[in-house]
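What follows is a short report on a single structure.
The values are calculated or read from the model by the stated rules, or taken from the named source; none is laboratory data. Computed from a predicted structure; not experimentally measured. Glycine gets a Cβ as well: all are built from the backbone with ideal geometry, and neighbour counts include every protein chain shown.
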Amino acid sequence: MLDGLHFRIGHGFDSHRLEAGEGMTLGGVRIACDWKLVAHSDGDAIIHALCDALLGAIGGGDIGRLFPDNDPRNKDVDSKVFLREVMRRVHAAGFAVVNADLTLIAQVPRMAPHAPAIVQTLAAELGVDVSRVNLKAKTNEGMGHLGRREGIAAHAVVLLHCSEKSKA
């Protein structure tokens, strides 16, 4: 306990295959490019990793248990729907987001032009100021399956807090 607050940290990871296509959604933002993500839902690896980090922090399992990829209701679903349900669970457990730190590993697409919109979108979904969401984009320097543009990967770390009177 620090200053009357209890803290929890969570880490999430996700990856998806890439193939030629007409764009993708990352961090809740549609990106026009010559690639698409292969996935049951929209394949938003940033949001999927973020959901897993949030669920991990509250001991809530992972998004695969909540939104299985063999459930037809999840086919082509906007991953913000998943994030909203995860945030409902975070709040129900008595927690709020302190900050989120996200890393995307991808050769394509270039993320710099899209990062501000992604941060703004995710901050709004998490209910925090944009200063509490950080996004880093890395290439894999041409190495391995990520470097060969066969896929992308994302990591997320979140810090949550609750009051002493919460359910935590």
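For the reader, a short list of remarks on this structure follows.
- Selected residue (only one of Asp62, Asp34, Asp76 is surrounded by 14 or more Cβ atoms within 10 Å (Cβ to Cβ), within 29 Å of Asn140 (Cβ to Cβ) and among the acidic types (Asp, Glu)): Asp62
- Restricted to region 1-100, the set of helices (runs of 4 or more DSSP H) holding at least 3 residues that are of a type in the set (A, V, I, L, M, F, W, C) and modelled with pLDDT of 95 or more comprises 45-58, 79-92.
- Criterion violated by Glu125 - all others in (1) charged (D, E, K, R); (2) exposed (fewer than 15 other Cβ atoms within 10 Å of the Cβ); (3) modelled with pLDDT of 95 or more satisfied: (2)
- Candidate set from region 138-160 (those that are more than 30 Å from Ala92 (Cβ to Cβ) and buried (at least 20 other Cβ atoms within 10 Å of the Cβ)); member that is modelled with the lowest pLDDT: Leu146
- Within the option set Leu83, Leu18, Leu104, being under 12 Å from the mean Cα position of the chain (by Cα), buried (at least 20 other Cβ atoms within 10 Å of the Cβ), within 20 Å of Lys138 (Cα to Cα) and among the hydrophobic types (A, V, I, L, M, F, W, C) holds for one residue only, Leu104.
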